[in-house]
1. Residues to consider are ASP611, ASP553, ASP557; find the one that is under 27 Å from GLY389 (Cα atoms), acidic (Asp, Glu), open to solvent by less than 70 Å² (accessible area, probe 1.4 Å) and touching a residue at least 60 places away in the same chain (Cβ under 8 Å).
2. Every residue in region 246-290 that is in a strand (DSSP E or B), touching a Pro at 6+ places or on another chain (Cβ under 9 Å) and open to solvent by 70 Å² or more (accessible area, probe 1.4 Å), please.
3. Quick one: how many residues across region 643-666 are among the aromatic types (Phe, Trp, Tyr) and either open to solvent by less than 10 Å² (accessible area, probe 1.4 Å) or in a loop (DSSP other than H, G, I, E, B) (or both)?
4. Collect the residues in region 477-497 that are within 22 Å of THR367 (Cα to Cα), part of a helix (DSSP H, G or I) and open to solvent by less than 60 Å² (accessible area, probe 1.4 Å), keeping them in residue-number order.
5. Hey, can you tell me all the residues within region 197-245 that are assigned to a loop (DSSP other than H, G, I, E, B) and open to solvent by less than 60 Å² (accessible area, probe 1.4 Å)?
6. Have a look at ARG390, ARG394, ARG369, ARG332 and point out the one that is over 28 Å from the mean Cα position of the chain (by Cα), buried (at least 18 other Cβ atoms within 10 Å of the Cβ), of a type in the set (D, E, K, R) and assigned to a helix (DSSP H, G or I).
7. Could you check, for region 175-192, whether at least one of its residues is of a type in the set (D, E, K, R), in contact with a helix residue (DSSP H, G or I) (Cβ under 8 Å, 6 or more places away or on another chain), closer than 26 Å to GLY470 by Cα and without any contact (Cβ under 8 Å) to a residue 24 or more places away in the chain?
8. Every residue in region 583-606 that is modelled with pLDDT of 90 or more and surrounded by 18 or more Cβ atoms within 10 Å (Cβ to Cβ), please.
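The values are calculated or read from the model by the stated rules, or taken from the named source; none is laboratory data. Since this is a predicted model, take the numbers as computed values, not measurements. Heads up, the Cβs are rebuilt from the backbone with ideal geometry, glycines too, and the neighbour counts pull from every protein chain shown. What goes into the accessible areas is simple: the full protein's heavy atoms, side chains included, and nothing from ligands, DNA or RNA. Shrake-Rupley method; radii C 1.70, N 1.55, O 1.52, S 1.80 Å.
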Amino acid sequence: MGEARAGSVLEATLERVTFANAQTGYTVARVDTGRGGDLVTVVGSLLGAQPGETLRLRGRWGAHPQYGRQFQVEDYTTVLPATVQGIRRYLGSGLVKGIGPRLAERIVDHFGTDALRVIEEEPARLAEVPSLGPKRTRLITEAWEEQRAIKEVMVFLQGVGVSTSLAVRIYKQYGGASIGVVRTEPYRLAAEVWGIGFKTADTIAAAVGIPHDSTQRVEAGVQFVLSEATGQGHCFLPGPELVARAVEVLQVPATLVGHCLACLVAEQGVIREELPTGDGGPPTVAYYLVPFHRAEVSLAAGLRRLATADDDRMAAFARVDWDAALAWLHRRTGVELAPGQQEAVRLALTEKVAVLTGGPGCGKSFTVRSIVTLAAAKGARVVLAAPTGRAAKRLTELTGVDAVTVHRLLELRPGGDAAFDRDRPLPADLVVVDESSMLDLLLANKLVRAVPPGAHLLLVGDVDQLPSVGAGEVLRDLLAEGTPVPHVRLTQVFRQASRSGVVTNAHRINAGSLPQVRGLDDFFLFATDDAEEAARLTVDVVTRRIPARFGLDPRRDVQVLTPVHRGPAGAAALNEQLQDALTPARPDRPEKRFGGRVFRVGDKVSQIRNDYDKGRNGVFNGTQGLVTAIDPVEQTVTVVTDEDEEIAYDFGELDELVHAYAVTVHRSQGSEYPCVVVPLTTSAWTMLQRNLLYTAVTRAKRLVVLVGSTRALGQAVRAAGSGRRHTALAARLRARPAEQDAAAA
């Protein structure tokens, strides 16, 4: 093939994508020109192009100093193949859902070069193909139509750099109206299409001519800033902070932001409320997104309603002889409760809302078991739940009573509504929720609404751990000074637990002291000041040293917990290295490339958004699982979650999954692993905080290995935290009922 001039046209079949950036669409691919010889490398924006397609590429030839000669793509169009061989290859490439190589061969054998025209114009004739029934015919027809329609959306979006997966999501949200929505109401995308944030919508808006200072843009920007704040854990933002953040994002005058904010309040797109400050100063003018204001007000009112209910479904415990009850419990379990544990047992069984908190080794789990045992002895209906599948399994093992996730307990439906709520409460006399530090505002509100009047609610958790990933810090607010929620904090570390280096060091870290890292057989530090060396050491520790010395499975039993996602020792880089070591590419191992990631059978993965439409009761942010199958014909990746539920993901939904060989500490909440490995480097300086390190260490049952800098370790222990979240739950709980009713109104 001779050297082409600038502005050349190259027609070739896309063989494979070797790299793709999901955000920019920049792609490196190999194509077959059909002229014999080696495959040709092409680079550039190939948004939406699929292996098996014939492409007409416009661009220019160039030479890369490392990779050699390549074709630089400026734009492309898809060309349908014309030969029997080309059509067979095109249909068998997995491009059309439901058609694999064998079925493609049967279709082309039957229709020859007319096959694509038949699918396009006379799809009912597919039923002529032997063993291809009407159901499969309909599915193929629908997939072909959808593929064609998505292509049109992709061509329109190509100029503004929207990725393939987002174009698919836009089409699934709006169907035939997609291009109209994108052209005239692009900011709707940020609110209605998962994966499209304000910045992407803003780029599209600029491309279609929406002015920089338009009311549509500024109002969307203000709501984006509030949404970003909820992602950082805040339930609201004070007015001055909201305006300042919006000015920074939008680059418009504060007066315009203030005007648009007032319009949003008038339209009830944003809620404005004056909240009292604890020091008697002027009130805080707070701005909420509607769902978070509604949930906070509802949660405070719901907790008060439970606590003050006239009915008591466990009234027998108000008259019980506690000395006799505790003596019976001692005979039953063979263990005598410490004074704090006895107080917690009495509290849970006599108060309708109560909190039990404390660190590792202080007996929370045995206290819960004792509470459940006594309640069951009186015939109470006990319901146990936890925010994650792993935590629910552990609760089942500890108590002998089946526990489920909160989501499954409430039977959340597509859209997020719960089957159990105030109108249809749970059939329970006592509801116990473990790992309650993970409960965010929205989930806690759904839970409290489902507890029947007169039932008891016990929230159990470690308040010193990181707060929930979602907005709010519910457990901390319930324990705030002046709130009317009865609680017990267990502080005594039991003798057996005190022999554990993991438990001892967790308490040392929580008290602001450096952990002991010498002379222990379950707590180690591999010291290095270099972040890249820390990453290499982490991979070696996980894949070689721990399995050799402790016999632990590196995929099932060991979890890497990092302070940050990015950087040499962040979750993203470590996942690539750990995947290469634990699940390397092999000819017999199915894989699917999506954006910049490759998913393989055997991969450890995690869900990164709440998806209420998947599984029996949704799949939630932080749920882990293993990839068990990849089907190129049906275009699905199958994951078996920690709850042993099999979930199918369409190829276009793979941006909901990330690899989970390494996860951030925030994403590990509520989970427990035999071993955790924690890389600590100075490159993660701003994230190094005491509650983060404490949370990481307390995720381990048997073994903790720290890898990295002693300076970073010292910073993590010293840094007590970066301030509280903007929440008003504690203030609402302290308020008089009349004031609370006024806020609810």
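1. Working: ASP611 fails: touching a residue at least 60 places away in the same chain (Cβ under 8 Å); ASP553 fails: touching a residue at least 60 places away in the same chain (Cβ under 8 Å).
Checking each option against the conditions leaves just ASP557.
2. GLU274
3. Looking only at that region, the number is 2.
4. If the condition is that a residue be within 22 Å of THR367 (Cα to Cα), part of a helix (DSSP H, G or I) and open to solvent by less than 60 Å² (accessible area, probe 1.4 Å), then LEU478, ALA497 are the ones that fit.
5. Within region 197-245, GLY197, VAL208, GLY209, ILE210, SER214, GLY233, HIS234, CYS235, PHE236 meet the criteria.
6. Values: ARG390 fails: over 28 Å from the mean Cα position of the chain (by Cα); ARG394 fails: over 28 Å from the mean Cα position of the chain (by Cα); ARG332 fails: buried (at least 18 other Cβ atoms within 10 Å of the Cβ).
ARG369 is the lone residue from the list that is over 28 Å from the mean Cα position of the chain (by Cα), buried (at least 18 other Cβ atoms within 10 Å of the Cβ), of a type in the set (D, E, K, R) and assigned to a helix (DSSP H, G or I).
7. Yes; the residues of region 175-192 include at least one that is of a type in the set (D, E, K, R), in contact with a helix residue (DSSP H, G or I) (Cβ under 8 Å, 6 or more places away or on another chain), closer than 26 Å to GLY470 by Cα and without any contact (Cβ under 8 Å) to a residue 24 or more places away in the chain.
8. Once the filter is applied, which keeps residues that are modelled with pLDDT of 90 or more and surrounded by 18 or more Cβ atoms within 10 Å (Cβ to Cβ), region 583-606 yields THR583, PHE599, ARG600, VAL601, ASP603, LYS604, VAL605, SER606.
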